[in-house]
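Asks: A single structure is presented below for examination.
Just so it is clear, none of the values below were taken in a lab; they were calculated from the coordinates. Because the structure is a prediction, the values reported are computed rather than measured. Quick reminder, even Gly has a Cβ in these numbers, built from the backbone with ideal geometry, and neighbours come from all protein chains shown.
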Amino acid sequence: MTRSSRMRSHACSAALACGLALLTTPACGKKHATPAWNAAEAAAPFAANRSTTTHQPPVASDPARPGLRFIAYNLNNWLTMERGADHAHSKGMAKPAAEKHALVQLLVRQAPDVLGVCEIGSREDLAELQAALLAGGVALPHTYYTGGGDEVRHLGLLSRFPITHTATPAQLDFKLNGSTYTMSRGILDATIQAHGKSYRWLGVHLKSKREVADGDQDAIRLCEARLLRQHVDSILAAEPDARFVVYGDFNDTRGSAALKLITGHYGEAGYLTALPVQDQQGERWTHFWELRDIYSRFDFITVTLGVKHEVDFKNSRILDDPEWHAASDHRPLLAVFN
């Protein structure tokens, strides 16, 4: 590293440290508290050494930089909920500052132009993330925030480029075994203009693998997947060459019924190509369930034929920066568009 590179690195670190100091202050005005998924899971500590990868050089956050860097990321509850360890739990607790710090460090290093997130809490939580990124030198001034039946976990999009249009799917409710449900996190639908091109983003966070008392989790997730596919088909019916990206935490694997329903049939006009991203070691898992010691690929970025030819497949990957394990139980995905 040259002397000038070291100086830029130190300056960036100092600015980031100042911004992240704000993260130690508890968030205010939260109206809802989310119960822990499971007491044992909530108590499970982060593993200390899950990754042996080295730091990658930071990506320059240059407004004039051509192309587009998109990151899809499940933030692992950047929100207020019941948290604790060793059987001692407290309600109304924000995501720990150390986890926020690690998460922001990773994102600052990767300098996304567009960031799609799952498990963001309130609008204030999204603004907090936005401010922390700005303190680190990553300006994403345009945001969109939405959700579904879950009053606590939401979807968010942060963009360096203007958001020119947003839409709400025609249907977010479904019936299952005689009961009516609302898609828990809804479907984020936002369009941006970047470098003279239009990109439409469809973000989701489907039903988790965790069982619930009022329905089968697999069946619920399949119904949510069907609603997403219906929305995709409605867009393609009006605009067969539509340029859009469907991404998020699908909570299911590539060969599952839900994923097959979402992507469609290979070779057909409406097929969604799942980017074959991998980490620096050639591995493709994106989620680690520590309680069960299970590694899975639940997170995907898929694209229509209208934008597939612009994907830089060589530089699109799963981000395994050293901070990943301290930031979230998911690893973020990076898609680079030319």
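Asks: Residues of the stretch 152-186 with backbone nitrogen within less than 20 Å of a virtual label 7 Å along the Cα-to-Cβ line of residue 239, please, listed as ranges.
Replies: 157-171
Asks: Shifting gears a bit: Taking K and R as +1 and D and E as -1, what net charge do the other residues with C-beta under 15 Å from the C-beta of residue 191 add up to?
Replies: 0
Asks: Hey, quick one: spin label on residue 291, modelled 7 Å out along Cα-Cβ, who in the stretch 176-208 has an amide N within reach, i.e. under 14 Å?
Replies: Under cut-off, by backbone N: 208.
Asks: By how many nm would the segment from residue 150 to residue 260 grow when fully extended, if each residue of separation counts as 0.36 nm and the alpha-carbon distance is taken off?
Replies: Using 0.36 nm per residue and subtracting the Cα-Cα distance, I get 37.1 nm.
Asks: Efficiency by 1/(1 + (r/R0)^6): what FRET value for residue 173 and residue 308, r their Cβ-Cβ distance, R0 = 30 Å, to the nearest 0.05?
Replies: Computed FRET efficiency for residue 173 and residue 308 comes out at 0.40.
Asks: A further question on this structure: How far apart, in nm, are two points set 7 Å out from the Cα along the Cα-to-Cβ line at residue 219 and at residue 182?
Replies: 2.2
Asks: If you find the alpha carbon centre of the stretch 263-320 and of the stretch 111-133, how far apart are they in angstrom?
Replies: So the two Cα centres are separated by 22 Å.
Asks: Test of understanding: what is the full-extension gain from residue 281 to residue 197, defined as 0.36 nm times their sequence separation minus their Cα-Cα distance?
Replies: Extending this stretch completely gives an extra 26.9 nm.
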